[in-house]
1. Which of A:Lys10/A:Lys41; A:Lys127/B:Lys95; A:Lys104/B:Lys195; A:Lys129/B:Lys280; A:Lys129/B:Lys195; A:Lys103/B:Lys195 have a Cα-Cα distance over 19 Å?
2. Counting other Cβ atoms within 10 Å of each Cβ, which chymotrypsin sites (Phe, Trp or Tyr not before Pro) in region A:272-315 have at most 15 and sit in a DSSP loop?
3. In region A:71-172, which GluC sites (Glu not before Pro) fall in coil by DSSP and have 13 or fewer other Cβ atoms within 10 Å?
4. Run the quick spin-label model on A:Glu240 and B:Asn138: label points 7 Å from Cα toward the beta carbon, then report their separation in nm to one decimal.
5. Return a whole-number percent for the relative contact order of region B:51-283, with Cα pairs under 8 Å and 6 or more residues apart as the contact set.
6. Pop a pseudo-label 7 angstrom from the Cα along the beta-carbon direction at both B:Ala17 and A:Lys297 and give the gap in nm to one decimal.
7. I need the calculated FRET efficiency for the pair B:Ala278 and A:Phe15, taking r as the beta carbon distance and R₀ as 60 Å, to the nearest 0.05.
8. With a Förster radius of 30 Å, plug the Cβ-Cβ distance of B:Val76 and B:Arg271 into 1/(1 + (r/R0)^6) and report the FRET value to the nearest 0.05.
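Taken together, the values in this text are just the output of simple stated rules run on the coordinates, not laboratory data. Here the structure is a predicted model, which means the values were calculated and not measured. Positions of Cβ are backbone-derived with ideal geometry, glycine not excepted, and every protein chain shown enters the neighbour counts.
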Amino acid sequence: MYVELKNIDKSFGSFQASNDVNFGIEQGKLIGLLGPSGSGKTTILRMIAGLETPDSGDIYINGVRVNDIPAGKRGIGFVFQNYALFRYMSVFDNIAYGLEVQKKSKEEIKDRVSELIKLIGLEGMEKRKPNQLSGGQRQRVAFARALAPNPQLLLLDEPFAAIDAKVRQELRSWLKDMIYKIGVTSIFVTHDQDEAIEVADEIIITNHGRVEQKGSPLEIYKHPETPFVAQFIGQSTILEDCTRLNGFAEVKPGEKAVIRPEFINITRKDEVQKYISAVEEGTIEAIAYRGSYFEIKVRVKGILLTTTAVLEDVYEIGEKVGVLIYRLYIFDEDNAYLLENKAMVDINSVFI
Amino acid sequence: MSQTNKAIQQKSTNSNAKGVKVLLISLGVIFIFIMLVIPMIAVITYAFQDGLKAYQEAIFDPYTIKALQLTLLATVTAVAINTVFGLFAAWTITKFKFRGKQLLTTLIDIPFAISPVIAGLVLVLTFGKIGWAYDFLNAYDIKIVFAVPGIILATVFVTFPFISRELIPVLSAQGTDEEEAAALMGAGGFNIFRKVTLPHIKWALLYGIVLCTARAMGEFGAVSVISGHLRGKTNTLPLHVEILYNDFQLTSAFAVASILVILAVIILILRNLIEYKAKKAGEK
Ligand SMILES: Nc1ncnc2c1ncn2[C@@H]1O[C@H](COP(=O)(O)OP(=O)(O)OP(=O)(O)O)[C@@H](O)[C@H]1O
Ligand SMILES: [Mg+2]
C-alpha cells in the first residue's frame, strides 16, 4: 500500500470527526472519497496532508510513518476546495511558488512552469491575477500549482464544487486524463456520487467519521456492504415492508429494502409478459420529463416506486401498467445483501 | 397632460433631493470651516503676526529644536514598536484559535477607552518613586519617569491599538487557506508572511502606520503627566507649545504649533495617497 491510514481517530472538542478510520491506497490509483456533508472527508484529507493532527493512529506514505513529519516535508500537492490561489500573484508566480521555495534555478522554474501552463491550456495568461480568470481556469491553475513541485501524492478537496455543471463535466474528464498522464497517486473528495463513479478507480465511502466501504465503483454499486451504502448509492428509495411484493415473501420482519429505478421495469398491460407470476399491477401517478428520459412514479400495492422510461414510451397518468421488480437490497441494522426476485427465477428455471 | 404633470412632479422631487444635497454639503463645509480651517489659519497668522523674523527665532530656538527632536524620536520609536506589536497581535488573533482570544482583543482596545491622562498616571504609579517597579529600576539606574524612556512608553501605550486595529479585519477576511497552501509547499513562516500575507495587508498596514504617526506626534495627556516638563530634556512639541502659551509668548507658541500643523498636513496628504493607491490596487 502506498498510502495507509491505521486506526485514525480525530475529535474537534466533543465532536468525533474521524472514528477508527482504516484504509490503504495503491500507488498510481485515483481514489474518490465520497460521503455526505460533514462526514469527515476534508478532515481525512487534511490529516494526510499534515494540516491537522490525528488524536491517535498512524499515517504511512510510501512505507514511512508521517505523523511527525511537518506538512511541508511530506511531498504532497493539495488542491483546496476554494483553490486558495495566491491572489496577489500572477498565474506564473502561483505555479512557480513551490519551486521557488525549493530554491530551484530560474531556468528550471521557467521551464517547469511553462510546461505546466501548456498542460493546463492557459498559454498567454501567465501574467493574469487569479481574479481575472474564470472558475474553471482557476481550478486548472490550482491543479498546476499543486503539481509543480512533483508531489508523490495529490489531494483534491471537492475540486469541482465551485464550477457550474457543464464545465464540471469537461473538467472531470480533463482531470482524470491529466492524472493518468502524470501517474500521480491521487485522492479527491466529493459528495457527488456521479462524479466519484465516473472519475475514481476506487471509492471510499465515509459516514459519521467512519469508513463504510471501499471498492471499485461497480463493486460499491452492486454489492453495498452496509445499510448506509445501500441507501446512499444510486437513486435509492427505502421500502419499510416489501414482503407484500411478488417474489419477496421470504424477507424477514424487521428487514427493510432499498430499491432503485433500474431495478424496476414497467410494461404496458397488453404487452406479452415473460415472467407472468412476478409481474405486479401498478398505477402511474406522476410523469416528469428529465431531458433524456422520463421519471415515472408508479404505485404498486400501496407502495410508491420510482422508475424511468425511454422517451419513446409515452405513458399517461392513471394508466394501469405491469411492474416487474428484478431485485432489492435487503438490509437490517448491520448487513445488506442483494435479493433477486424469487418468482422471476422460478419461472426461468421451468422454461430451461 | 398627466404626463407633463408627472414630469413636473418628478422634477420637483428631484429638485427637493438636490436641495437636501446642497444643504447637507454646505452644512458640512461650514462646520469644517469653523472647526478646522479657521483655527488652522488663525494658528498660521498668529505665528507670523510679529513678522518672519520672530517666527524664525521661535522655530530655531534651541528648546524648540530639542522638543522637535524628542517628538520625532518618540514618534518613530513608538510607531516602530507598535508596527511590530500590531503585526504580531493581529496575526495571533486572526490565524490561531486559543482561549482568551476575545479577552486579548478587548485588552488591545484599552488605550482607546481610557483617557491619556490616566494612562500617564498609570505609568507614573508603576515606574515612579511610589511605583512597585521603582526599586528594581533604581537598582539598575534606569530612569523612566521624567525621562525620555517614559515619554516613549507613554506614546507607545496611547497609540498601540492603531495598527493592529487596521490589520485585524483584513487578516481575518483573508482566512488561512493561502497560508496553508504555501506551508504545504514547504515554505517557512517568514517566506509565507513576506510573499503571501504582506501583499494582502500592505495598504492597511501603511494606513495604520500613518494614523499611528499622527496620533503619536500630537500626544499630549499621557506625555504631559510623565514628562515633568523639563525644558530641553523631556519636552515634546505639544508640551512646549503649552509652556510657551502659559508664559504668554503667544507668537512663539503659535509658531511652534504651526510646525505640528505642517506635519499633520503632510501626514494627511500621505494618508490620502495611500488610500488612493490601495483603492487602485483593489480594483486591479
Ligand atoms: N476545525 C474544526 N473545528 C470544529 N469542528 C470541525 C472542524 N473541522 C471540521 N469539523 C467538524 O467535523 C465534521 C467533519 O468535517 P469535514 O470538514 O471533514 O466534513 P466533510 O465531509 O468534508 O463535509 P463537506 O462535504 O461539507 O465539506 C463536521 O461536522 C465539522 O463540523
Ligand atoms: Mg469538506
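1. Numbers: A:Lys10/A:Lys41 12 Å; A:Lys127/B:Lys95 29 Å; A:Lys104/B:Lys195 17 Å; A:Lys129/B:Lys280 15 Å; A:Lys129/B:Lys195 15 Å; A:Lys103/B:Lys195 15 Å.
Result: A:Lys127/B:Lys95 exceed 19 Å.
2. Values: sites: A:Tyr275, A:Tyr289, A:Tyr293, A:Phe294, A:Tyr315; in loops: A:Tyr275, A:Tyr293, A:Tyr315.
Listed in order of number, the matching sites are A:Tyr293, A:Tyr315.
3. Details: sites: A:Glu100, A:Glu107, A:Glu108, A:Glu115, A:Glu123, A:Glu126, A:Glu170; in loops: A:Glu123, A:Glu126.
In loop regions of region A:71-172 (DSSP not H, G, I, E or B), the sparsely surrounded GluC sites (Glu not before Pro) are A:Glu123.
4. Here the answer is 8.7 nm between the modelled labels.
5. Numbers: 275 pairs, mean separation 75.6, N = 233.
The normalised contact order for region B:51-283 reaches 32 percent.
6. The answer from the label model is 4.9 nm.
7. Working from the Cβ atoms, E equals 0.90.
8. Details: r = 18 Å, r/R0 = 0.59.
According to the calculation, E is roughly 0.95.
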